[in-house]
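The values are calculated or read from the model by the stated rules, or taken from the named source; none is laboratory data. None of the values given here were measured: they were computed from a predicted structure. Here the Cβ positions follow ideal geometry from the backbone for every residue, glycine too, while neighbour counts run over all protein chains shown. For the accessible areas, the whole protein counts, side chains as well, though only heavy atoms, and no ligand, DNA or RNA atoms are used. Shrake-Rupley method; radii C 1.70, N 1.55, O 1.52, S 1.80 Å.
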Amino acid sequence: MVGLLTFYWADDYGAMLQAYGLKRCLEELGRETEIIPYAPYRLEGRYRWFAPRYQNWAGEARLQVKECLKAWLRRPFPNGTFLRRRKAMASFRRRYLTARAPLRSAEELCLEGYDRVFVGSDQIWNPEITLGIDDAYIGKASARGGRLAAYGASLGGTELPEAYREAFSAQVGRAFDGISLREQSAVPGMEALLGRKVTDVLDPVFLLERREWEKLAVTPAEKGYVLVYQTEMNEFLMEYAHQVGRELGVPVVDVSFFRNAPPLAWAERRAGIGPLEFAGYVRGAACVLTNSFHGAAFSILFEKPFLVFPLVRNAGKNPRLTDLLEKLGLEARKAAGTSVPEKGAVWEALRWSEVRERLEAERERSIRFIRKYL
C-alpha cells in the first residue's frame, strides 16, 4: 500500500487536482494508493467561512483572536457562492481523494500500514503556508514505519528561510530516501542544504495525459469565452480581460474566488464550482488569462492560448510558474507587470507539437523518479 501526504484538504482547484493526479498515476503504475487524511485545523480552517487567523511566531502558529472576531463581525454569514463552492469541493474530495475522517495533529499519524509514503506535491515545505515547518510534512512520523519520498515538494521560493534550515535539514535528511522538487531553480539550494542529490519533477497534474483530464472535466454551458482565474487580485489583468473580450466579441468568465470581490457588469462570475468544473471551464475557453500556476498548467494540458500575469503581493515568490514555462519553451506567455506582448504574438497559434514533445520528455523523467522509489 502506498500513502500520499499532501494538501488534499485545501478548497483549491490546483491542490485537489494535483493530489488526484499523483494518486491516479500511482494507481496506473499498479500500486494500491490512498490519501493519508492529515488535515491540521490551523491549515484546513482557513477555507472555512469563519476562518481562524494565525500568525507565525518563531515557528509557532498563534491564533489571532481579535483579528478572527473582527473578520467574523464584518462577514457573519456565508454567501451562496461560498456555500456552493464548499459543497463542490467536499464532493470532489470524498469521491476522488478520501472520505476518511481527518487527523488533526502529526502525533496522530501512523504510517505502519504503508510500504511507501510520497509526501507532496504542493507547497508542503513553505513555512509561510504551513505556519512554520510542519512536523508531518518533514517526516517526523516516519519512526513508526513507512519509507518516505518527497514528490514535487515546493518551498514557495528558491530557498528555505534561514531560521528553518538547520532543523529541516537534520530531519528531512534522515527521514527521506528520495527527494524531488517542483521548482528547478530551488534544486541547487536544496542540494547544498542536504548534501545529497535532488531532482526536479513536474507538478502531478502533468502526470496524466490530456485525454484523461478531458474524460473528467465537466463541460460548462458557456462556449468560447475569455477565462480569468486569479489567486491574487490583479486590476490590470481584469482590465486586459475586458479589452480582449471586446476585441474578440466574446464574454469574460471569471472562476476566481475572493470573499470581497467587487461586482463587475461585464464579467460572468462562476466561482461556486469544484475542481472538475474548473477543468471544464479551461477546456471550453477561447483563451485564458491567469496568475495561477494551475491556471497555466491546465491551459497547457488543453492547449489553450494563455497569458500569465505576475503576482504583485507575492512578487518573486512564484518560481514554479517561471520554471514551468521555461521547461516547455513558453516564456513568451508571460506578461511583465502592466506590459503585455503584442496582440498578434499573444493569440497566435502556438507550436503545440513542440510543447507536447517537451512535456512528454519531462513526464517520462518524473515517472522514472516515482518508479525508483516505489
Requested in this report: May I ask you to compute the full-extension gain from Ser105 to Asn79, defined as 0.36 nm times their residue separation minus their alpha-carbon distance, rounded to one decimal in nm?
Outcome: 6.3 nm
Requested in this report: Kindly report, to the nearest 10 Å², the accessible surface of Val312 as traced by a 1.4 Å probe over protein heavy atoms only.
Outcome: 100 Å²
**Report entry** Cβ-placed point charges (K, R +1; D, E -1), dipole of the chain about Cα centre in debye, nearest 20
**Finding:** 1040 debye
Requested in this report: Would you mind computing, in nm to one decimal, how far apart the modelled labels at Ala271 and Lys215 are, each placed 7 Å from Cα along Cα→Cβ?
Outcome: 3.4 nm
**Report entry** Per-residue SASA entry for Asp12, accessible area with 1.4 Å probe, Å² rounded to 10
**Finding:** 40 Å²
**Report entry** Calculated on alpha-carbon atoms, Rg and Dmax of the stretch 254-298 in Å
**Finding:** 10.8, 29
Requested in this report: Could you give the spread of the C-alpha atoms of the chain along their three principal axes, from largest to smallest, in whole angstroms?
Outcome: 60, 53, 38
Report summary line: Expected sort for 301-311, 355-365 on mean C-beta neighbours within 10 Å, highest first, is 301-311, 355-365
Report summary line: Of the accessible area of the chain, computed with a 1.4 Å probe and all protein chains kept, carbon and sulfur make up a percent value of 50 percent
Report summary line: Compactness summary of the stretch 114-179: radius of gyration and Dmax from Cα atoms, Å, are 11.2, 33
Requested in this report: Using every pair of alpha-carbon atoms in the stretch 145-187, split the distances into 5 Å bins beginning at 0 and state the percent of pairs per bin, rounded to integers.
Outcome: 5, 21, 27, 30, 13, 3, 0
Query raised in the report: Tell me, what is the per residue accessible area of the chain in Å², probe radius 1.4 Å?
Result: 44 Å²
Query raised in the report: Quick one: length gained pulling Glu191 to Lys223 fully straight, 0.36 nm per residue minus the C-alpha distance?
Result: 6.9 nm
Query raised in the report: Hey, with R₀ at 45 Å, roughly what FRET efficiency would Asp115 and Glu239 work out to, going by the Cβ-Cβ distance, to 0.05?
Result: 0.30
Query - Protection proxy ranking of 14-25, 244-255, 179-190, 126-137 - average other beta-carbon atoms within 10 Å, highest first - result: 14-25, 179-190, 126-137, 244-255
**Report entry** Global form of the stretch 225-280, assessed from the alpha-carbon gyration tensor, a/c cut-off 1.5
**Finding:** oblate
Query - Percent of C-alpha pairs per 10 Å bin, the stretch 160-257, short to long - result: 12, 25, 22, 22, 16, 3
Query raised in the report: In terms of solvent-accessible area of protein heavy atoms at a 1.4 angstrom probe, what is the ranking of His294, His242, highest value first?
Result: His242, His294
Query raised in the report: Considering the Cα trace of the stretch 1-40, what is its radius of gyration and what is Dmax, both in angstroms?
Result: 10.1, 30
Report task. Check cross-link reach from Lys215 to the lysines: straight Cα distance under 24 Å, and skip same-chain residues fewer than eight apart. Result -> Lys23, Lys87, Lys223, Lys304
**Report entry** For the chain, share of DSSP beta bridges that run antiparallel, in % to the nearest 5
**Finding:** 15 percent
